[in-house]
Amino acid sequence: QVQLVESGGGLVQPGGSLRLSCAASGRTSYAMGWFRQAPGKEREFVAAISGDGGFTYYLDDVKGRFTISRDNAQNTEYLQMDSLKPEDTAVYYCAAGWRGRSWYRSDSYEYWGQGTQVTVSS
(Lines give C-alpha, C1' and ligand atoms only; values in the text may rest on other atoms or scores of the structure.)
Protein backbone atom coordinates (compact mmCIF):
# COMPACT_ATOMS: atom_id res chain seq x y z
CA GLN A 1 0.00 0.00 0.00
CA VAL A 2 1.34 3.42 -0.99
CA GLN A 3 0.13 6.64 0.60
CA LEU A 4 0.30 9.90 -1.32
CA VAL A 5 0.32 13.35 0.28
CA GLU A 6 -0.09 16.48 -1.83
CA SER A 7 0.98 19.96 -0.82
CA GLY A 8 1.51 23.37 -2.39
CA GLY A 9 -2.03 24.42 -3.22
CA GLY A 10 -3.45 27.81 -2.38
CA LEU A 11 -4.92 31.05 -3.65
CA VAL A 12 -3.14 32.81 -6.52
CA GLN A 13 -3.99 35.64 -8.86
CA PRO A 14 -4.49 35.03 -12.59
CA GLY A 15 -1.13 34.82 -14.30
CA GLY A 16 0.54 33.58 -11.15
CA SER A 17 2.33 30.31 -10.38
CA LEU A 18 2.11 27.45 -7.94
CA ARG A 19 4.15 24.29 -7.48
CA LEU A 20 2.37 21.19 -6.24
CA SER A 21 4.23 18.32 -4.62
CA CYS A 22 3.15 14.73 -4.05
CA ALA A 23 5.17 12.67 -1.60
CA ALA A 24 4.77 8.89 -1.75
CA SER A 25 5.28 6.65 1.29
CA GLY A 26 6.86 3.97 -0.85
CA ARG A 27 8.55 3.45 -4.15
CA THR A 28 6.44 4.27 -7.19
CA SER A 29 8.35 2.91 -10.14
CA TYR A 30 5.77 3.35 -12.84
CA ALA A 31 3.85 6.22 -14.37
CA MET A 32 2.36 8.85 -12.07
CA GLY A 33 -0.23 11.44 -12.85
CA TRP A 34 -2.08 14.57 -11.78
CA PHE A 35 -5.84 14.98 -12.06
CA ARG A 36 -8.18 17.78 -11.02
CA GLN A 37 -11.83 18.18 -10.15
CA ALA A 38 -13.70 21.47 -10.24
CA PRO A 39 -17.03 21.94 -8.42
CA GLY A 40 -19.86 20.24 -10.28
CA LYS A 41 -17.51 18.63 -12.79
CA GLU A 42 -15.99 15.20 -13.24
CA ARG A 43 -12.38 14.51 -12.37
CA GLU A 44 -10.17 15.19 -15.38
CA PHE A 45 -6.66 14.26 -16.39
CA VAL A 46 -4.02 17.00 -16.21
CA ALA A 47 -0.61 15.42 -16.75
CA ALA A 48 1.33 12.17 -16.46
CA ILE A 49 4.99 11.15 -16.39
CA SER A 50 6.70 7.86 -17.09
CA GLY A 51 8.55 5.90 -14.44
CA ASP A 52 11.96 7.20 -15.48
CA GLY A 53 10.70 10.72 -16.15
CA GLY A 54 11.59 10.49 -19.83
CA PHE A 55 8.05 10.84 -21.20
CA THR A 56 5.35 13.30 -20.26
CA TYR A 57 1.76 13.77 -21.41
CA TYR A 58 -0.51 16.78 -20.86
CA LEU A 59 -4.09 17.91 -21.19
CA ASP A 60 -4.18 20.26 -24.19
CA ASP A 61 -5.44 23.16 -22.05
CA VAL A 62 -2.34 23.10 -19.84
CA LYS A 63 0.36 22.42 -22.44
CA GLY A 64 3.04 25.10 -22.28
CA ARG A 65 1.84 26.30 -18.86
CA PHE A 66 2.21 23.23 -16.62
CA THR A 67 5.27 21.02 -16.17
CA ILE A 68 5.22 17.62 -14.52
CA SER A 69 8.39 16.14 -13.05
CA ARG A 70 9.51 13.55 -10.53
CA ASP A 71 12.39 12.77 -8.21
CA ASN A 72 12.55 9.01 -7.79
CA ALA A 73 15.22 9.23 -5.11
CA GLN A 74 12.75 11.22 -3.00
CA ASN A 75 9.61 9.32 -4.17
CA THR A 76 8.11 12.69 -5.03
CA GLU A 77 6.17 14.03 -8.00
CA TYR A 78 5.73 17.71 -8.86
CA LEU A 79 3.44 19.87 -10.93
CA GLN A 80 4.75 23.35 -11.75
CA MET A 81 1.82 25.51 -12.79
CA ASP A 82 2.52 28.84 -14.51
CA SER A 83 0.26 31.43 -16.18
CA LEU A 84 -2.64 30.19 -14.10
CA LYS A 85 -6.17 30.98 -15.21
CA PRO A 86 -9.43 31.10 -13.21
CA GLU A 87 -10.56 27.96 -15.05
CA ASP A 88 -7.65 26.09 -13.47
CA THR A 89 -9.43 26.37 -10.12
CA ALA A 90 -10.01 22.86 -8.78
CA VAL A 91 -8.90 20.28 -6.27
CA TYR A 92 -5.75 18.67 -7.62
CA TYR A 93 -5.00 15.00 -6.97
CA CYS A 94 -1.84 13.01 -7.56
CA ALA A 95 -2.11 9.41 -8.65
CA ALA A 96 0.26 6.45 -8.62
CA GLY A 97 0.22 2.68 -8.92
CA TRP A 98 -0.27 2.64 -12.66
CA ARG A 99 -2.06 -0.50 -13.84
CA GLY A 100 -0.86 -0.48 -17.42
CA ARG A 101 -3.79 1.25 -19.13
CA SER A 102 -3.97 4.69 -20.72
CA TRP A 103 -2.24 7.36 -18.66
CA TYR A 104 -5.17 9.77 -18.95
CA ARG A 105 -7.73 7.40 -17.43
CA SER A 106 -8.37 7.75 -13.71
CA ASP A 107 -9.04 4.01 -13.40
CA SER A 108 -5.46 3.37 -14.55
CA TYR A 109 -4.14 4.32 -11.11
CA GLU A 110 -4.47 2.42 -7.85
CA TYR A 111 -3.35 5.05 -5.33
CA TRP A 112 -4.64 8.58 -4.82
CA GLY A 113 -3.78 11.49 -2.61
CA GLN A 114 -6.32 13.44 -0.57
CA GLY A 115 -6.21 16.44 -2.89
CA THR A 116 -5.03 20.02 -2.58
CA GLN A 117 -7.15 23.06 -3.42
CA VAL A 118 -5.94 25.47 -6.09
CA THR A 119 -7.92 28.69 -6.45
CA VAL A 120 -7.09 31.23 -9.15
CA SER A 121 -8.86 34.48 -8.52
CA SER A 122 -8.23 38.21 -8.35
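Kindly indicate whether Arg36 is buried (at least 16 other Cβ atoms within 10 Å of the Cβ) and basic (Lys, Arg). Reasoning before the result, please.
Working: buried (at least 16 other Cβ atoms within 10 Å of the Cβ): yes; basic (Lys, Arg): yes.
When the stated conditions are applied, Arg36 passes them.
Which condition from (1) assigned to a strand (DSSP E or B); (2) modelled with pLDDT under 95 is the one that Gly26 breaks?
(1)
Conditions: (1) touching a helix residue (DSSP H, G or I) at 6+ places or on another chain (Cβ under 8 Å); (2) without any contact (Cβ under 8 Å) to a residue 40 or more places away in the chain; (3) of a type outside the set (Ser, Thr, Tyr); (4) over 14 Å from Tyr92 (Cβ atoms). Pro14 meets all but one. Number of the miss?
(2)
In the set Arg36, Arg65, Arg19, which member is at pLDDT 95 or above and in contact with a Gly (Cβ under 6 Å, 6 or more places away or on another chain)? Full working, then the answer.
On the way: Arg36 fails: in contact with a Gly (Cβ under 6 Å, 6 or more places away or on another chain); Arg65 fails: in contact with a Gly (Cβ under 6 Å, 6 or more places away or on another chain).
From the options Arg36, Arg65, Arg19, the qualifying one is Arg19.
So, Arg70, is that one touching an Asp or Glu at 6+ places or on another chain (Cβ under 7 Å) and open to solvent by 20 Å² or more (accessible area, probe 1.4 Å) or not?
When the stated conditions are applied, Arg70 passes them.
If you check Ser102, Ser21, which single one turns out to be farther than 20 Å from Ser121 by Cα and more than 14 Å from the chain's Cα centre (by Cα)?
On inspection, the qualifying residue turns out to be Ser102.
Out of curiosity, is Gln3 in contact (Cβ under 8 Å) with a residue 60 or more places away in the chain, open to solvent by 10 Å² or more (accessible area, probe 1.4 Å), more than 22 Å from Tyr111 (Cβ to Cβ) and touching a Ser or Thr at 6+ places or on another chain (Cβ under 6 Å)?
When the stated conditions are applied, Gln3 does not pass them.
Check whether at least one residue in region 44-63 is under 21 Å from Trp98 (Cβ atoms), open to solvent by 70 Å² or more (accessible area, probe 1.4 Å), in contact with a helix residue (DSSP H, G or I) (Cβ under 9 Å, 6 or more places away or on another chain) and not in a strand (DSSP E or B), and report yes or no.
Checked region 44-63: no residue is under 21 Å from Trp98 (Cβ atoms), open to solvent by 70 Å² or more (accessible area, probe 1.4 Å), in contact with a helix residue (DSSP H, G or I) (Cβ under 9 Å, 6 or more places away or on another chain) and not in a strand (DSSP E or B).
Picking from Val118, Val91, which residue would you name as being open to solvent by less than 40 Å² (accessible area, probe 1.4 Å) and in contact with a helix residue (DSSP H, G or I) (Cβ under 7 Å, 6 or more places away or on another chain)?
Of the residues listed, the single one that is open to solvent by less than 40 Å² (accessible area, probe 1.4 Å) and in contact with a helix residue (DSSP H, G or I) (Cβ under 7 Å, 6 or more places away or on another chain) is Val118.
The values are calculated or read from the model by the stated rules, or taken from the named source; none is laboratory data. Keep in mind that this is a model prediction, so the values were computed, not measured. Counting neighbours? That spans all protein chains shown, and the Cβs are built from the backbone with ideal geometry, glycine included. Remember, those area values only see protein heavy atoms, side chains included, never the ligands or the DNA or RNA. Shrake-Rupley method; radii C 1.70, N 1.55, O 1.52, S 1.80 Å.
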